[in-house]
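The values are calculated or read from the model by the stated rules, or taken from the named source; none is laboratory data. Here the structure is a predicted model, which means the values were calculated and not measured. Heads up, the Cβs are rebuilt from the backbone with ideal geometry, glycines too, and the neighbour counts pull from every protein chain shown.
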Amino acid sequence: MPTPQTYDWWYDDARQVGLDFEDEHEVATYDARQGGSAERDRALLTQLGLQPHMAMADIGCGTGILAREAAGMCRSVTAIDVSAAMLAAAQARAGGLANLSFQRAGFLSFEAKAQSLDLITAKNALHHLPDFWKAMALARIFAALKPGGRLYLRDVMFAVPPGELAEAAEGWIVWLSENTGYSRAEGACHVREEYSTFAWAIERMLTDTGYRIVEHVQDGVYGTFVAERPAS
Ligand SMILES: C[S@@+](CC[C@H](N)C(=O)[O-])C[C@H]1O[C@@H](n2cnc3c(N)ncnc32)[C@H](O)[C@@H]1O
């Protein structure tokens, strides 16, 4: 699995792109804005088949709601994020659970033994990387998964023809500002400065990497993939 030490041209994924998740105010208000829920994450992890003997990682863990719930359900959880401020919030939430560890790293720099993880989750985080690097990240995740292990990937990704992109992006920004704690300016910043891509591009990256797509659900601009590293 290539690491930042392997090549001098490697992308520095520690730098914040778009919204600054090192900003203390951004982190302190994150849960209220995002509307995360421990109950929903627990139900998701159950649906994903997380079991007591399993090891998993959550990449781009944010304030650690999902990682905290996962720790109550499986053998070990690694909560990974590039933001020290987010990790501090996640650590405070965890309150010293023995099977939950933290790594300050990103999709392109996290460390995990090859074929060691049963499940990797990445919610609303992969869009921080440009597409070339998303593919690199998906390959690194593939290397860390056990055969038969699964990736749960949820993010903003567009599933409309290019001629309808402007309408879809504008519709989403308006919806965000009217229905969530995010402002129009924050939605606009996401579209302009972050790297949300097409659902078909993510699908192709997954299949070209070798994943088997178990499920793809598209709910407006929110896409969810469950993808498996084939058992053989
Ligand atoms: C929108 S938040 C999502 C947090 C959480 N997964 C959730 O669903 O609430 C995006 C998170 O991704 C992190 N992030 C940004 N760039 C990243 C990268 N290259 N690798 C891993 N995490 C990254 C940010 O620091 C932030 O905590």
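The one condition from (1) more than 9 Å from the ligand (Cβ to nearest atom); (2) closer than 24 Å to Ser177 by Cβ; (3) of a type in the set (Asp, Glu) that Glu22 does not meet is (1). For the criterion of being in contact with a helix residue (DSSP H, G or I) (Cβ under 7 Å, 6 or more places away or on another chain), assigned to a strand (DSSP E or B) and in contact (Cβ under 8 Å) with a residue 12 or more places away in the chain, Met157 passes.
Per the conditions (1) of a type outside the set (S, T, N, Q); (2) more than 16 Å from the ligand (Cβ to nearest atom); (3) over 29 Å from Val27 (Cα atoms); (4) in contact (Cβ under 8 Å) with a residue 40 or more places away in the chain, the sole criterion not satisfied by Met205 is (2). Scan region 1-36 for residues that are surrounded by 13 or more Cβ atoms within 10 Å (Cβ to Cβ) and either of a type in the set (A, V, I, L, M) or without any contact (Cβ under 8 Å) to a residue 60 or more places away in the chain (or both) and the total you get is 10.
Confirm whether Glu39 is in a helix (DSSP H, G or I), more than 10 Å from the ligand (Cβ to nearest atom), surrounded by fewer than 18 Cβ atoms within 10 Å (Cβ to Cβ) and of a type in the set (D, E, K, R). So Glu39 fits the description; yes. Scanning region 1-19 for residues that are more than 8 Å from the ligand (Cβ to nearest atom) and closer than 11 Å to Phe110 by Cα turns up Met1, Pro2, Thr3, Pro4.
Could you list all residues from region 29-82 that are at pLDDT below 95 and either closer than 24 Å to Arg140 by Cα or polar (S, T, N, Q) (or both)? Scanning region 29-82 gives Thr29, Gln34, Ser37. Of everything in region 177-193 that is within 18 Å of Val27 (Cα to Cα) and out of contact with any strand residue (DSSP E or B) (no Cβ under 8 Å at 6 or more places or on another chain), the residue that is surrounded by the fewest Cβ atoms within 10 Å (Cβ to Cβ) is Ala185.
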